[in-house]
Each structure stands twice: as C-alpha cells, then as structure tokens.
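Read the structure below first, then the notes.
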Amino acid sequence: MATKKILILGGGYGGVWAGKILEKHFRKREDVEITLVDKRPFHTLMTELHEVAGWRTEPESVQVLFKKIFGAKRINVVLDTIEKVDFEAKQATGKVCTYDFDYIILGVGAEPEFFGTPGIAENAFTLWSFEDAMKVRKHVEEKFYEASLETDPEKRKKLLTFVVAGAGFTGIEMIGELLDYRDVMCRKYFLDPKEVRVLNIEALPSILPILEEPLRAKAEKYLQKRRCDVMLNSAIIGAEPGKVLLKSGQIVETETFIWTCGVKGSSFAGQLGLPAGKRNRIDCDMELKSTKYPFVYVVGDISGLMQEGKPLAQIVETAHFTAEAAAKNIISDIDGGERHQFKPNYHGFMISIGSHYGVSNAGGMKTSGFIALAIKHLINVWYLLNIAGINQVWEYLKHEFLDMKNRRSIIGDFASYKIRPYWPLLLRMWLGLMWVFEGINKIGEGWLAFASGSKSGWMFSPGVVQAGVKAAEATSGASAWESAGQAAATAATGAAAAASAAPAVAATSAASAVASSAAAAAPAATSAASAAAAAPAATGGTQAATQTFKAVWDLTKPIFDPNSGLVTWFRHTFMDGIFAYLPYTFFQAMIVVMEIGIGLALFGGCFTWLAAAASIGMCIVFTLSGMFAWNQLWFVFAAILMLGGLGRSFGIDYWLIPAIKRWWNGTRFARKWHFYADDPTK
C-alpha cells in the first residue's frame, strides 16, 4: 500500500492540535507519514504574549518546544518557511526543502489588520507574534530609562505616555500589563508614577464588546482605579512618528503606540490562490475542506467558515474545534467511516487585566478578580497538560508563581521567595549524621550480630514469627510486648509508692526521735516537731508547683500509641503481612544499611532528593509502627526542605544531577511520555 502523506503547515494552536489527533490515530501505521512545518522550533502561547511584552514573565514562558510536544511520537517536525504550494502537483516548496502531500492542513495563522489607516504599519507596535512581544518588551523599558535621564518636561511627558489602540482581549490585557509594569519601572528608575500616562483608545462605545455589560463595567472600573485613561468613541485616523491622530482632531503625543485593533488571515494564505473571502479567510465547508480541493483542510484564523452569517471568532477554541474536525475527516478519508462537521462548543472567555484582576464568563459562570484569574490559569494548565504533559505544566507553574518577581501573580511573591542553598547546608549534613548514628547504634545493639537472634521481633504483633527465627527465640520475642507492659506498670507503681510514702516516713522518724530523747532540751524537741510538720508541707508545695508549671506536651511519647487502632492496622497489614516473611537477618541488615546509606547520601549531597524521600518514607514507617516520638518529627520537616535540590550546594549533586538529566531527557520513555527534567536533549 502506498504511503499516505499528511502535511501540516503551521505549529499554532490549530496545527498542533490536529497533529496530536492524527499522530495518536496513526501511531502504529507505517503507511501514514505526518509532517509539521513551522518557521520556529517552538509553539507560541499567543494568549500570553502580553505577559512577555509587559515583563511579567520571561520569554521562554510562552515557548513550548515541538520536541516537548511530539517527543518520540511518529510525526516529523521540520523547521522551514513555506514559500509556495502547488495544489495540482500536491507539493509545498520551502526555503529548505520541497514536501509532497496527499492531504494538507493549512494552519498558517493571522496577522494584524490596519484597515488601511495611514501611518499605522510604520509607526505602531503590534502584538501578534513572539517577535512582536519582544520588541514591545525592550522598547517599553528603554522609554522609562530615557525618561529618567530627560530634563525637558515635554519630552519626558511624551516618553512616559503609553498608548494602546483597541479595547478587545489583546488590548485590555496589554493595558493591564503596562499598569503593573509602570509601578515596577518607577521604582527601578526613581520616577513618580503620577508622571506616567497609560491610555486606551477605542472607537466603539465600550470596552470588551464580546462580554456582558456587568463584566465590562467591572473591567472599566478597575482600569479607572488603576489610573488608566480610557477614551471610548475615539476613532484613530492615522499615525505619525511620535503622534496618534484621532477623528476628533485631538493629537496624542507618545513614543509608545501599540496597535491591537484586529487581525486578518496571513498574507501567505491570501497568496495561495484558493477561493477566499474578506481578510484572507479561505472558503471551506462544514468539514473544513477547501471549496476547491477536497484534500485541502483549513483550520484556525484563516478559516472562512461562516456561522449564523458571521465569520468564526479568531480565538483558541475555534482553532481547536476546526483542527479536530479536519483531523478526523482526514482519518475518514484514509480509513473510511463517519464524517465530522464543525460543531463548536465554546466554554467562554477569560481576560486578565494585569496580574491581580480579571473578568471571566466560563460556561455561563461570570466572575471577576481572583476567581477569574484562577480560571484562566486552570485553562492554561489543562491545555499544556494535553499537548506537552506534566513537565510543561510544572514550567508554567514556575513562570506564573514560583519564579514570579515584583508580586505580579495572584498570590503575590509568597511562593517565589527562595532561600540560599548554603544556609541549610549544615542542616543537611546534621540530618545525614543523625541517620548514620541511628544505623551505628543499631549495630552496637546487635542488629548485625545474627548469632544472638532477632532484635526486631518487637516490631511485629505478639505471636508473629519472623522468617529464620528459632522457636525459642520466637517465644521470647512474643512475650516482649507483655514484658514491656509489665515493666512500665512496675515502674509507674514504684514511682507512685515513693511519692505517697515520703510524708509518712518523715513523720515517723520525727516521732521516734522525740521518744528516744525525752531528756533532751525543749528546744530540740520543738525543732524535731517542726521538721516533722515541714516534710509534708514541702511535698505539698512541690506538687502545687508541678501542677502550675506542668509540661504542655510530652515530646518524648510516641506520636501514635503502640496499641492504637492505626498502629495495629499497620502492623497487621504490612509488618505481619509482608516483612514477617523476610528472614530477620535480611530485614535487620536492610534497616541498618538504609539508615546509614540515607545518612551518607544526605551528608555528601549525593542523590539528595532520593535520600530525602527515603528519609521521609522511613519516618512514616516508624511513626505508623508506634515508635516515632514527637521530638523526632524534625527529621521529616528537615527532609522536606532537602527535596528542593540542596545537594547542589557543596554536594556531589552539583555534578551528578545535570549529567543524569541529560541522559534521562534523551531516553525514549521521557520523550514519549513528556517526563522531561527541564528540556529534551534529542
């Protein structure tokens, strides 16, 4: 059977989603070849570009490497720029190579629309690509720096005026980032925030027209609270260097003008020669097939499909729904079966206005503030989990919360403050030494002197015999619980008897002294009587003091009583049910070796994470065995701290872990299941 070749142009939301669906279906098929071509080595999170432009997150936060997304999957990702597509010959020509195809998915995205407004393309920044975000990012800080050096008030005012045209999703999110960044830059360059003007210009009578009025009102109120000037019903008729021209005749002087007033299908889509409507949106049917070629599928922003007489919204969910229908129909073309029509199920819209406020209509649930931002983060996590696995989710959490600076997340900097690794160095070494001492103590107690019999029988229920224990030893071990209980009872009884006998003994001694010394002087008798009376009085005072200053908590007692239900369950289930079948020689040696091994690993900073995890595990076992006291609980909390990679501070992990990561990231397992440690190496 001839190989069927599927070519995907563009690694945006639509292209990646289609590629994942196709690869999953044809994973075991040698007769199907899937190729994705993009001019960048990474997928761009377009909905988060404003965060990079506004310095909230680092540039890599919006980059998801195709190596991470597809890894060891059976899909070829090629870095190339397609210049021409010959649909008759079924060939796409790029700068690097020519690609044959049987089916092609066009997901080449959109670009800013200037509506023919003079001077906009030449004098405005846009925010529709990674490169756009980087230009804005660099430019904005430069203007703050220049303003800090400028002494002319008019020039300084112009430098500190930031204009965003458009009050849709992108415009409002960019405004929010500028408002946050204003405060950061003013602190950095010793500027007065009141000198900075952030201006949003919109031709329509309201912001965020796709949302309901209550949410629009909340968003506008928040912008006003943050001292953002919102100019509604203000059409822009042109731009010149350093100037924005309004229909009203007003001229806004600024060095920073960002245009977010709309997008159109990419110019490349308009040059393909396919039937298209307005703004380079290619005509297609409900199955996403081009109206001219049945093997050409159109997804995302360039899809000209109409719904209820209106073009599809150019948003992420549209890209997903069109990609899903297109991919499933290509599967149907190759394998036969049911055809799929475009059936959108939009879940709503989430807009952030800076890092601390947002508005959202998700599934009909209208929220604002913290909840709206939390929903947006959850949606991003869900998407990243689906395309690149848990590793990319972790990266997202680091960028948005754990590595955040200047309190620019919904939880501030609470999760981003970090401790220098050399401060807990001594704690790591001390924790290691304690484990080593625990192991050495067991050796001294005879845990490795196997000829003397089992030393661990007390860890099991009475009557349970460890493998390898002789009958006599088993009987002795079975009585250990009873002996320990009797010893404790005897000690308690003796202590009570001693306490109660003290005053009686003192009184008897005093009386005997008086009788045998009748001839003694009266002062001596009086002194003896006083001593007899003083003894019980002193004891009563001690008891009163003890009651007043008694211990709040006995830290030496076990966390769980050895006879409690939880400990009994653990002993029956695990100790009696599993470890009792191990020869006691092996079991005792295992405990000793583990304790010393954990200690040496922590002390030397070698495989610190694993050693810390094992330390926590051992402490849990000891706790559930009823033998771990409250004053030993610091072992657990210290080990939790060690999980943060503290072995790299003056430890062997400094050299060991990077080498292991490089090896692991190149394995097929890590690539297939997205279990990367940082970035893939292949």
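Just one of 167, 203 is buried (at least 22 other Cβ atoms within 10 Å of the Cβ) and either in a loop (DSSP other than H, G, I, E, B) or not assigned by TED's automatic domain parsing to the domain that holds residue 251 (or both); which is it?
167
I'm told residue 646 meets every condition in (1) at pLDDT 95 or above; (2) more than 26 Å from residue 555 (Cβ to Cβ) except one. Can you identify the failing condition by its number?
(1)
Can you confirm whether region 618-632 contains a residue that is surrounded by 16 or more Cβ atoms within 10 Å (Cβ to Cβ), touching a residue at least 40 places away in the same chain (Cβ under 8 Å) and under 27 Å from the mean Cα position of the chain (by Cα)?
no
Mind listing whichever residues of region 634-675 are outside any helix (DSSP H, G or I) and under 19 Å from residue 608 (Cα atoms)?
Hits for region 634-675 are 643, 644, 645, 649, 650, 651, 652.
So, residue 51, is that one surrounded by fewer than 21 Cβ atoms within 10 Å (Cβ to Cβ) and either assigned to a helix (DSSP H, G or I) or touching a Cys at 6+ places or on another chain (Cβ under 9 Å) (or both) or not?
no
Going by the structure shown, is residue 303 among the hydroxyl-bearing types (Ser, Thr, Tyr), more than 37 Å from the chain's Cα centre (by Cα), closer than 17 Å to residue 106 by Cβ and crowded, with 18+ Cβ neighbours inside 10 Å?
For residue 303, the condition - among the hydroxyl-bearing types (Ser, Thr, Tyr), more than 37 Å from the chain's Cα centre (by Cα), closer than 17 Å to residue 106 by Cβ and crowded, with 18+ Cβ neighbours inside 10 Å - is not met.
Pairs, please: C-beta under 7 Å, at least 6 apart or cross-chain, first residue in the same structural domain as residue 623 (by TED's automatic domain parsing) and in region 636-647, second part of a loop (DSSP other than H, G, I, E, B) and of a type in the set (A, V, I, L, M, F, W, C)?
647/606
With respect to residue 88, is the statement that it is among the acidic types (Asp, Glu), buried (at least 18 other Cβ atoms within 10 Å of the Cβ) and outside any strand (DSSP E or B) true?
When the stated conditions are applied, residue 88 does not pass them.
How many residues, within region 239-257, are in contact (Cβ under 8 Å) with a residue 60 or more places away in the chain and not in a strand (DSSP E or B)?
4
If you take the residues in region 284-295 that are closer than 29 Å to residue 170 by Cβ and in contact with a strand residue (DSSP E or B) (Cβ under 6 Å, 6 or more places away or on another chain), which one is surrounded by the most Cβ atoms within 10 Å (Cβ to Cβ)?
288
Among 416, 461, which is the only one that is in a loop (DSSP other than H, G, I, E, B), closer than 30 Å to residue 57 by Cβ and of a type in the set (S, T, N, Q)?
Every option except 416 fails the conditions.
Across region 419-440, what is the number of residues that are among the β-branched types (Val, Ile, Thr) and part of a helix (DSSP H, G or I)?
Total satisfying the criteria: 2.
When region 258-279 is examined, which residues are found to be outside any loop (DSSP other than H, G, I, E, B) and buried (at least 24 other Cβ atoms within 10 Å of the Cβ)?
258, 259, 265, 269
Under the condition of being of a type in the set (Phe, Trp, Tyr) and within 21 Å of the chain's Cα centre (by Cα), which residue from region 414-437 is farthest from residue 612 (Cα to Cα)?
414
Among the residues of region 196-234, which ones are over 32 Å from the mean Cα position of the chain (by Cα) and at positive phi?
Those that are over 32 Å from the mean Cα position of the chain (by Cα) and at positive phi: 227, 233.
Please find, among 338, 308, 324, the residue that is surrounded by 14 or more Cβ atoms within 10 Å (Cβ to Cβ) and either within 19 Å of residue 284 (Cα to Cα) or modelled with pLDDT under 95 (or both).
324
Could you go through region 113-126 and let me know if any residue there is surrounded by 18 or more Cβ atoms within 10 Å (Cβ to Cβ) and under 24 Å from residue 355 (Cα atoms).
There is at least one residue in region 113-126 that is surrounded by 18 or more Cβ atoms within 10 Å (Cβ to Cβ) and under 24 Å from residue 355 (Cα atoms).
Filter region 54-74 down to the residues that are in a loop (DSSP other than H, G, I, E, B) and modelled with pLDDT under 95 and list them by number.
71, 72, 73, 74, listed by residue number.
Just checking, which of 379, 351 is of a type outside the set (Phe, Trp, Tyr) and touching a helix residue (DSSP H, G or I) at 6+ places or on another chain (Cβ under 7 Å)?
351
Looking at 387, 334 in this structure, which one is within 24 Å of residue 303 (Cα to Cα), hydrophobic (A, V, I, L, M, F, W, C), in a helix (DSSP H, G or I) and in the same structural domain as residue 45 (by TED's automatic domain parsing)?
334
The values are calculated or read from the model by the stated rules, or taken from the named source; none is laboratory data. Quick caveat, the model's predicted, so the values are computed rather than measured. As a convention, Cβ positions derive from the backbone with ideal geometry for all residues, glycine included, and neighbour counts pool all protein chains shown.
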